[in-house]
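Written out below as structure tokens is the structure these notes cover.
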Amino acid sequence: MKITGTFIDEISHDIPHQNWGEREWDQDFQHMKAIGIDTVILIRCGYRKFITYPSAYLQQNYACYSPPVDLVDLYLKLADKYGMKFYFGLYDSGKQWDGGTPEDEVIPNREVVKEVWERYGHYRSFKGWYLSMEISRRVLGAAEAFRDLGLLCKKVSNGLPTLISPWMDGKKAVLASSSQLNKEDSVSLKEHEYEWRKMFQIMHEAIDAVAFQDGHLDYDELPDFFRLNKKLADEFGLECWTNAETFDRDMPIKFMPIKFEKLKLKLDAARDANFKKAITFEFSHFMSPQSAYRQAGHLYNRYKEYVSELDVS
Amino acid sequence: MKITGTFIDEISHDIPHQNWGEREWDQDFQHMKAIGIDTVILIRCGYRKFITYPSAYLQQNYACYSPPVDLVDLYLKLADKYGMKFYFGLYDSGKQWDGGTPEDEVIPNREVVKEVWERYGHYRSFKGWYLSMEISRRVLGAAEAFRDLGLLCKKVSNGLPTLISPWMDGKKAVLASSSQLNKEDSVSLKEHEYEWRKMFQIMHEAIDAVAFQDGHLDYDELPDFFRLNKKLADEFGLECWTNAETFDRDMPIKFMPIKFEKLKLKLDAARDANFKKAITFEFSHFMSPQSAYRQAGHLYNRYKEYVSELDVS
Amino acid sequence: MKITGTFIDEISHDIPHQNWGEREWDQDFQHMKAIGIDTVILIRCGYRKFITYPSAYLQQNYACYSPPVDLVDLYLKLADKYGMKFYFGLYDSGKQWDGGTPEDEVIPNREVVKEVWERYGHYRSFKGWYLSMEISRRVLGAAEAFRDLGLLCKKVSNGLPTLISPWMDGKKAVLASSSQLNKEDSVSLKEHEYEWRKMFQIMHEAIDAVAFQDGHLDYDELPDFFRLNKKLADEFGLECWTNAETFDRDMPIKFMPIKFEKLKLKLDAARDANFKKAITFEFSHFMSPQSAYRQAGHLYNRYKEYVSELDVS
């Protein structure tokens, strides 16, 4: 199972920034391309007051700071240059985390989607939308919000595909700011199936692919959950991808590149479940030869060896 | 607003040491000089039992370990060599953190200041004193301790200038050893004004400059607090500097280099408040091209681009 | 006091993996050799479901994952190549941490030791066993488990030496996943002496060397504890080594390379207590020039300077 897509983690909640300029980003797209990545997904275009492009709307209505660089433009140019697909991640106001509702995230994106499509829709590489809300359990209104956002994106862009990447509420689903690595009350297969069938019933016409994050479960729990996710996706005609996290959730340093063996276990499980595509969160910090974390460059090499063995067999 | 000063973080509470030798420090002073840094400030000459120079007094009276290198001598030589000003940071016994009082920090420094001036006062670059006690709120006896220490330094050294760098008790003022990033009970503008006016009344004749740490507030709270700090400093005839922290307080990894955009927001706010000088905590870990954190080298490059744009405009 | 041995940290609980391949490991053995390291100690051959060699027994009985590389074979080949001694670290099922007993760790190792000796016993460099259980206080059954494991290893391998590396229950003995750096209730010298005399009475015939971890006490507590450890080891005819940890337990980032000054304090204390040998946890992350942590390469240089001063004097 090869990784053919990656998130781009601007704006980040919890991964320290690398302070790359245009030259480093260009180099990174080349590193991605060299291992077969054909899709880059902006994790979100903004989070609270930090934004990736100079949105007049967000600066006026959400008091966002004026960004020093237009990263959306930069990424689209690079995606054009290297023949890759770019998915645009929607704005996250942070309100739903502060006692708000999923609907709070729909409101700004009604304008953002229009603004962005007008501004950047002409780029050849603009190929899809990433509905950036992250959920796991059946939160009231979340499926409806995904549906509304997905339909909106499709309407504006003549039906470009949409992607979501929820997490599975396993034992490693703890806050990044927590010193704990595990929790007691994780979701069961049965609960996961019940809740996601309900949610897919509501949103399935508005989304094209679902890439559950693979990092919150133990490695030997993945096969069962992956089979279930594939079954649910098939039931609703969705593409089933995996979001193979390349950072290590088992370590007290949050977060460093994952041990290759763990990544391999996760990719093998996705292959066995017949997933359509593997993407990762995310290449530039955790797999790139030029990452600030040198372990990432070694992971890149181990991954390349793994891929060349796949190609032989 | 350019950064023209930096702390040197030996001895550190919470930032892992880089284990540099003389060659690396010489190289770092060159990197500093290249972006216009003209002032280096030793954060403290000792903390509890670890000290930066072979102080007979501290080894005998505070059971300090014999340091493997005389860092004070090294830094003064390098400051001489590169035409920079050196501020000497006082000793921190740790007693005030262990249920003691600010007066506990005055006692050893009565001897340290004399010892140091005798030993190193002849260096051309010895240009000031940094009163290394870190406080934020009106702690009983703290302003008096600053006053006593400042007057002592000035008396011994024929009036060399003194600097303090308190923090503002904003929502990010949590312990480094805490897994939390925020707290609920942050200081209000009114409390900050009330408390610091009281403290400046007591200590203003003993200090020349105040550089509040800029990292504990949210970015959009800075303009109000900066204006207030400038007003208070002006009221008492103090120079108002900013201590522009170059590490990121928003991340669960404590501590990595800051995203350039955040640094820019903070420097712009200091410029708008007409601050006299910007220093940083600190160059060698968080901005240096040879830092163990590669993000720091990229921050250096982003900062250089920013400065060259300033120079053009 | 020179460091002449190092652990190899595969499989790790809490230190992020570097994702090295054969080339990097070969290079690292060269770096070790260059500073006089003659002994490498595999920290454990497996932990819970992750293992370092393709053990049929562990895969069948403990549901372990099939490892992508046979690291035991790789390390033995490299130890042969560079004329070093290899100590094999036993399997840790994790059961004792989950409410089990030390006996739970004896059971799988009865088979592992036989399997490993058959598979790898022919390597010239296979020179000893590391009983990988980590304890500190008098846990019921622990000394008996060490005794049984030690006797087993010796019986299978014609009496090859065995090593243990317990920790001392000082104030820094907190969980890696805790955000705290210290605890209140640390062991006293008297308790340490009482408990370890009891334990050595039970296990002394099964072990050859004890290397207490040196990182959980304050630096100025080490001389007393080291003298006591030497006295106890002498009393039972054991070699007294020190496990000089090269990571820093005083920092909120868990874990980064230690400041050289601290390492020197610990090595000097071990020398003053007439310890026989110093090993470290561990070279490859915290002292190696090719470590992902650049501070490690600088520590390597500072350590080399220290050693060359020792050689002169």
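For this structure, a couple of remarks:
- When residues of region A:252-263 are limited to those that are surrounded by 23 or more Cβ atoms within 10 Å (Cβ to Cβ) and free of Cβ contacts under 8 Å to residues at least 60 places away in the same chain, the one farthest from the other protein chains (Cβ to nearest Cβ): A:263
- Contacts under 6 angstrom Cβ, first residue in region C:175-190 being within 14 Å of another protein chain (Cβ to nearest Cβ) and within 12 Å of residue C:255 (Cα to Cα), partner among the basic types (Lys, Arg) and assigned to a loop (DSSP other than H, G, I, E, B), 6 or more apart: C:176/C:254
- Meets criteria (surrounded by fewer than 18 Cβ atoms within 10 Å (Cβ to Cβ) and among the hydroxyl-bearing types (Ser, Thr, Tyr)) for residue C:188: yes
- Checked against the criterion of being within 12 Å of chain A (Cβ to nearest Cβ), surrounded by fewer than 21 Cβ atoms within 10 Å (Cβ to Cβ) and not aromatic (Phe, Trp, Tyr), region B:200-218 contains one or more residues that satisfy it.
- Every listed requirement among (1) more than 11 Å from every other protein chain (Cβ to nearest Cβ); (2) of a type outside the set (A, V, I, L, M, F, W, C); (3) open to solvent by 10 Å² or more (accessible area, probe 1.4 Å); (4) assigned to a helix (DSSP H, G or I) is met by residue A:284 save one, (3).
- Looking only at region A:287-313, and only at residues there that are of a type in the set (D, E, K, R) and either part of a loop (DSSP other than H, G, I, E, B) or more than 9 Å from chain C (Cβ to nearest Cβ) (or both), the one that is surrounded by the most Cβ atoms within 10 Å (Cβ to Cβ): A:304
- Considered as a group, the residues in region B:25-57 that are open to solvent by less than 20 Å² (accessible area, probe 1.4 Å) and within 14 Å of another protein chain (Cβ to nearest Cβ) include one that is nearest to residue B:289 (Cα to Cα), and that residue is B:28.
- Hey, residue C:277 touching a strand residue (DSSP E or B) at 6+ places or on another chain (Cβ under 7 Å), of a type in the set (Lys, Arg) and more than 21 Å from residue C:18 (Cα to Cα) or not: yes
- Residue selected from region C:168-186 under the condition in contact with a His (Cβ under 9 Å, 6 or more places away or on another chain) and among the aliphatic types (A, V, I, L, M), by the criterion farthest from residue A:183 (Cα to Cα): C:168
- Total residues in region B:113-140, condition surrounded by fewer than 20 Cβ atoms within 10 Å (Cβ to Cβ), of a type in the set (Ser, Thr, Tyr) and not in a helix (DSSP H, G or I): 2
- Some residue of region C:78-88 being open to solvent by 10 Å² or more (accessible area, probe 1.4 Å), under 23 Å from residue C:107 (Cα atoms), modelled with pLDDT of 95 or more and touching a Lys or Arg at 6+ places or on another chain (Cβ under 9 Å): yes
- Residue within region B:182-194 that is of a type in the set (A, V, I, L, M, F, W, C) and either touching a strand residue (DSSP E or B) at 6+ places or on another chain (Cβ under 8 Å) or in a strand (DSSP E or B) (or both) present: no
- Taken together, C:22, C:10 contain a single residue that is surrounded by fewer than 17 Cβ atoms within 10 Å (Cβ to Cβ) and not basic (Lys, Arg), which is C:22.
- Test: residue in region B:40-59 that is among the polar types (S, T, N, Q) and not in a helix (DSSP H, G or I): yes
Residue by residue, here is whether (1) of a type in the set (D, E, K, R); (2) more than 30 Å from residue B:60 (Cβ to Cβ); (3) at pLDDT 95 or above holds:
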{"residue": "B:5", "(1), (2), (3)": "no, yes, yes"}
{"residue": "B:10", "(1), (2), (3)": "yes, no, no"}
{"residue": "B:15", "(1), (2), (3)": "no, no, yes"}
{"residue": "B:21", "(1), (2), (3)": "no, no, yes"}
{"residue": "B:24", "(1), (2), (3)": "yes, yes, yes"}
{"residue": "B:30", "(1), (2), (3)": "no, yes, yes"}
{"residue": "B:34", "(1), (2), (3)": "no, yes, yes"}
{"residue": "B:41", "(1), (2), (3)": "no, no, yes"}
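- Inter-residue pairs, beta-carbon under 6 Å, first away from chain C (no Cβ under 11 Å) and in region B:5-20, second open to solvent by 10 Å² or more (accessible area, probe 1.4 Å), 6+ apart: B:7/B:281
- Residues of region B:227-246 satisfying the condition of being in a strand (DSSP E or B) and open to solvent by 10 Å² or more (accessible area, probe 1.4 Å): B:239, B:241
- Lone qualifier among B:150, B:159 - being in a loop (DSSP other than H, G, I, E, B) and not polar (S, T, N, Q): B:159
- Every pair of residues 6+ apart whose Cβ atoms lie under 7 Å, when the first sits in region B:269-295 and is at positive phi and at pLDDT below 95 while the second is surrounded by 24 or more Cβ atoms within 10 Å (Cβ to Cβ) and part of a loop (DSSP other than H, G, I, E, B): none
- Scanning region B:141-151 for residues being open to solvent by 40 Å² or more (accessible area, probe 1.4 Å) and either under 18 Å from the mean Cα position of the chain (by Cα) or not charged (D, E, K, R) (or both) gives a total of 2.
The values are calculated or read from the model by the stated rules, or taken from the named source; none is laboratory data. Quick caveat: nothing in here was measured; it's all calculated off a predicted structure. All Cβ positions, even for glycine, are placed from backbone atoms using ideal geometry, and neighbour counts span all protein chains on display. All accessible areas refer to the heavy atoms of the entire protein, side chains included, with ligands and DNA or RNA removed. Shrake-Rupley method; radii C 1.70, N 1.55, O 1.52, S 1.80 Å.
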